[in-house]
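Working notes, structure below.
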Amino acid sequence: MLSTPFLYEESLSPEDFQKIGELLLRCSHIEHVLGNCLKAMLRITDEEAIVMVFPLGIEHRFQRIKELAKSADLNAEAKAALVELAATLSHVQTARNDLAHGIINDKEDEPTFHRRSNRRSVSKDDAFSAEELINFVAHATLSLRLALGGYGKEEGRHILPPRPPIPMYLGSPGK
């Protein structure tokens, strides 16, 4: 196998790489399920969603969901999930972007994820502290999808767990 010319790999353990992969895959699934939520609200087919929904980024998907929700007759579970997603999704996107787009700076005591685009550096421990919030958003997303109906064999309800605290490093949305 061809080796990489980058030296950061020595700064992260196999467990660190596993955790990064787990968190990023959870975020990918959140984005996918939000796409299915929008598809359900639009009442379109899978093929139509491939053209109209899935090319959209997560922010646009959620914005469209919120706009449609204003004129939809949503049940209590869907409304509760939307409230939770509105309060937490931007934090998860920030955490995801730190992991997905940050380069490893290993010149400090602890490796950091650095994003030059916004001059942001996040310690590995801080980045990993978002796991509980990411898991919560996954629950909220699934809750919304099931509350919208039409999901086949998995039809039903998904009760939301209590919202965990926002990790300190994430601050307010957009930071």
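Which residues, counting only those in the stretch 142-175, are modelled with pLDDT under 85 and assigned to a loop (DSSP other than H, G, I, E, B)?
Within the stretch 142-175, 150, 151, 155, 156, 157, 171, 172, 173, 174, 175 qualify.
Which residues, counting only those in the stretch 1-19, are assigned to a loop (DSSP other than H, G, I, E, B), closer than 20 Å to residue 129 by Cβ and in contact with a strand residue (DSSP E or B) (Cβ under 9 Å, 6 or more places away or on another chain)?
Within the stretch 1-19, just 12 meets the criteria.
For the stretch 21-64, which positions are among the small types (Gly, Ala, Ser) and within 15 Å of the chain's Cα centre (by Cα)?
Answer for the stretch 21-64, where residues must be among the small types (Gly, Ala, Ser) and within 15 Å of the chain's Cα centre (by Cα): 21, 28, 35, 57.
It is to be established whether one or more residues within the stretch 5-19 are exposed (fewer than 14 other Cβ atoms within 10 Å of the Cβ), in contact (Cβ under 8 Å) with a residue 60 or more places away in the chain, within 27 Å of residue 168 (Cα to Cα) and out of contact with any Cys (no Cβ under 7 Å at 6 or more places or on another chain).
Checked against the condition, which is being exposed (fewer than 14 other Cβ atoms within 10 Å of the Cβ), in contact (Cβ under 8 Å) with a residue 60 or more places away in the chain, within 27 Å of residue 168 (Cα to Cα) and out of contact with any Cys (no Cβ under 7 Å at 6 or more places or on another chain), the stretch 5-19 yields at least one hit.
What's the total number of residues in the stretch 77-105 that are without any contact (Cβ under 8 Å) to a residue 12 or more places away in the chain and under 18 Å from residue 149 (Cβ atoms)?
1
For the stretch 23-49, enumerate the residues that are surrounded by 12 or more Cβ atoms within 10 Å (Cβ to Cβ) and either over 22 Å from residue 146 (Cβ atoms) or touching a strand residue (DSSP E or B) at 6+ places or on another chain (Cβ under 8 Å) (or both).
The answer is 23, 24.
Would you confirm whether any residue within the stretch 47-57 is in contact with a His (Cβ under 9 Å, 6 or more places away or on another chain), of a type in the set (A, V, I, L, M, F, W, C) and within 24 Å of residue 135 (Cβ to Cβ)?
yes
The values are calculated or read from the model by the stated rules, or taken from the named source; none is laboratory data. Here the structure is a predicted model, which means the values were calculated and not measured. Glycine gets a Cβ as well: all are built from the backbone with ideal geometry, and neighbour counts include every protein chain shown.
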